[in-house]
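First comes the structure, then the notes that go with it.
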Amino acid sequence: GAVAAALGHPPMKPSYYYAATGEVGAVFALSKSLAPRKENITLVRDVQLSWQQLAENNVLFLGPPRFFRDKLMDMPSNLEILAEPDSFRVLHPASGEPATFPKEGVQGEGETFALVSHSPGPGGKGDVLSFMSNDTFGRAAAVEAFLDPSFATSLVSKYAKGGRLARYHQVLLKVRLKGGVSTEITPVVYRELRSHGQ
């Protein structure tokens with residue numbers, strides 16, 4: 001048509017957008033776990049999520065850090081583990097604890113890291129839970145771990161004060177993968193989060 005002629009008849013190419021394998025499995029597992037407890041769960045792409053929706057709902061982010069890192073930085077808590085462009089950075093490393101952990105994905109073969117953050121939503125309302133890694137299978141492993149009662153028990157025994165984890169916290173996980181399957185998931189850094197002003 002006239003538009004194609006005005007543009008010099010550029011060749012048309014189809015555009016495909018696929019969900020990563022790990023996300024599909026992770027969303028399925030989360031849906032099975034959450035659906036019996038919560039009636040109206042909505043799936044929204046990151047670019048469609050408004051600040052108003054963030055303020056009025058509990059939100060779960062799943063994906064590479066680049067998609068929602070900036071939104072997490074604007075939540076009303078002081079994050080202790082940050083998703084930098086090439087690493088996860090621990091702001092206040094404990095004695096003997098590394099300050100950075102590599103963020104590259106391993107495409108389901110090898111060792112990667114995943115960061116799980118639970119923080120208050122905008123204005124201190126609601127909860128924001130995120131699972132981020134640059135490896136789709138690393139993200140799926142993080143979800144798998146947090147849905148496993150025995151993993152929760154091990155986190156509580158290792159990091160809890162008074163028998164409970166802090167409501168808001170971050171956990172950096174080391175994930176070993178073979179053929180896209182997690183063979184070992186180990187928490188390597190745990191931090192309590194404090195709201196701004198605390």
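The values are calculated or read from the model by the stated rules, or taken from the named source; none is laboratory data. Just so you know, these numbers come straight off a predicted model, no measurement behind them. All Cβ positions, glycine included, derive from the backbone under ideal geometry; neighbour counts span all protein chains shown. Please note that ligands, DNA and RNA were not included when accessible areas were found on the heavy atoms of the full protein model with its side chains. Shrake-Rupley method; radii C 1.70, N 1.55, O 1.52, S 1.80 Å.
Some values worked out for this structure:
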item	result
The listed residue being within 16 Å of P65 (Cβ to Cβ) and assigned to a helix (DSSP H, G or I), out of F137, F146, F151	F137
Every residue from the range 161-195 that is part of a loop (DSSP other than H, G, I, E, B) and of a type in the set (K, R)	R167
Selection from the range 58-74 of residues that are more than 22 Å from G105 (Cα to Cα) and crowded, with 18+ Cβ neighbours inside 10 Å	V59
Search result, residues across the range 37-77 that are aromatic (F, W, Y) and free of Cβ contacts under 8 Å to residues at least 24 places away in the same chain	F67
Filtered residues of the range 115-141 (kept if within 15 Å of L62 (Cβ to Cβ) and open to solvent by 30 Å² or more (accessible area, probe 1.4 Å))	H118, D127, L129, N134, F137
Selection count, the range 142-153, where residues are closer than 22 Å to E111 by Cβ and open to solvent by 50 Å² or more (accessible area, probe 1.4 Å)	5
Residue count for the range 40-57, restricted to those that are exposed (fewer than 12 other Cβ atoms within 10 Å of the Cβ), aliphatic (A, V, I, L, M) and assigned to a loop (DSSP other than H, G, I, E, B)	2
